[in-house]
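To keep things clear, I will list the structure first and then write my remarks on it.
Quick note: the coordinates plus some simple rules give every number you see, no bench work behind them. All values reported here derive from a predicted model rather than from experimental measurement. Cβ placement follows ideal geometry from the backbone for every residue including glycine, while neighbour counts extend to all protein chains displayed.
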Amino acid sequence: MGSQQHDLNHYFDFVMKLTIDSAKVIREAIQGGKNIETKAGDWDLVTQYDRKVEEILISGLSKEFPTHKFIGEETVSTNNHLPELTNAPTWIIDPIDGTTNFVHSFPHTCISIALAINKELEIGIVYNPVLEQLFTARKGRGAFLNGKSIRSSSVEELANSLICIEASYATIEDIRDIILGRLEAFVSIAHGIRTLGSAALTLCHVAMGAAEAYHTDNLMPWDVAAGTLIIKEAGGCVIDTNGGNFEVMSPKVLAVGNRKLAQELVKLIKHADARTQQKRLRSIQA
Ligand code: 2AM
Ligand code: CA
Ligand code: CA
Ligand code: CA
């Protein structure tokens with residue numbers, strides 16, 4: 001079924017209201033105690049609230065749209081199975097993006113939810129209930145923060161850029177040198193580096209022109225589905241780290257205010273990785 005046959009106005013209005021309602025859980029719980037468990041490692045946290053918000057979102061959406069499918073972080077973790085993205089309308093859900101921030105009461109945390117139909121992202125919503133920032137986009141209709149149109153940055157020079165990265169994965173030993181090598185390259189040239197702790201919100205900061213770029217290689221579809229649509233609709237560029245097409249199900253993300261700066265970053269990352277490889281070789285030979 002083509003997207004024309006879908007009532008996207010209704011999908012959008014329904015999910016926006018449901019997201020705002022469900023986010024009350026986050027707003028009310030962020031300052032209090034939480035049951036904290038770990039998943040893949042000490043850095044990979046989950047609380048009872050992550051599961052609760054996902055359950056509220058999926059039960060609300062599945063009652064209203066019984067034929068729709070879901071890919072939600074906590075359901076995938078529980079079942080230990082990542083479903084394939086099909087042509088069916090599929091809600092891609094991160095109930096709390098920025099769980100570590102949420103655990104620490106650091107106010108950058110949000111619900112991120114996107115709808116894909118025929119594998120194309122149609123709706124993206126990122127809502128931070130603590131700072132009351134509601135980012136929304138629909139394919140072909142622009143991107144908005146609290147109802148006001150947003151545009152990504154037109155800065156084309158790396159030297160004038162604020163670059164956001166995901167640093168938490170540097171806890172993983174196998175990829176630490178690659179991440180630190182890229183970080184060194186960014187630090188050496190950019191105006192500044194930021195690591196906000198929520199992929200979805202960081203993508204939205206690029207969408208609103210508050211930062212020039214966001215990069216990470218280690219995310220999952222629910223981290224980036226909504227935010228990448230929001231950036232594209234704000235006039236930005238989303239590609240994979242090698243400069244190829246961005247794929248929501250295997251997200252290596254380079255999300256940039258404009259295409260010219262994106263190409264500069266692809267070159268810089270290649271250069272940084274080559275240096276890291278040389279260091280690896282030298283340490284094996286030593
Ligand atoms: P999460 O809070 O939903 O887990 C934190 O640096 C950013 O990376 C967040 O967007 C976080 O999403 C994401 N992330 C994804 N997988 C992660 C993991 N295993 N450990 C830490 N952060 C992870
Ligand atoms: Ca998580
Ligand atoms: Ca996430
Ligand atoms: Ca999450």
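Calculate for the chain the 222 nm mean residue ellipticity that helices alone would give, adding -39,500 (n - 2.57) per DSSP H run of length 4 or more and normalising by residue count, nearest 500 deg cm²/dmol.
-13000 deg cm²/dmol
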Could you list 261, 268, 61 so that the one with the fewest beta carbons within 10 Å of its beta carbon is first and the one with the most is last?
268, 61, 261
Across region 28-39, in residue order, what do the Karplus-derived ³J(HN,Hα) couplings come to in whole Hz, using 6.51 cos²θ - 1.76 cosθ + 1.60 with θ = phi - 60° and x for Gly and Pro?
6, 9, 4, 8, x, x, 9, 7, 10, 10, 10, 10
Could you work out the percent of alpha carbon pairs in the chain separated by over 30 Å, rounded to a whole number?
29
For region 158-285, what number results from the quotient of the Cα radius of gyration and 2.2 N^0.38 Å?
1.00
Ranking of 19, 276, 109 by count of other Cβ atoms within 10 Å, fewest first
276, 19, 109
Exceeding 29 Å between C-alpha atoms, which entries from my cross-link table qualify? They are 232/279; 69/252; 34/119.
232/279; 34/119
Along its three principal axes, how long is region 144-196 when you only count alpha carbons? Whole Å, largest extent first please.
42, 25, 12
Under 17 Å from a point 7 Å along the Cα-to-Cβ line of residue 148: which residues of region 200-234 have their amide N that close?
204-211, 234
Just round it to a whole percent: the fraction of Cα-Cα distances in region 215-281 exceeding 17 Å.
42
Looking only at 40, 159, 114, which one moves most when the chain is put into a Gaussian network model with springs between Cα atoms under 10 Å?
40
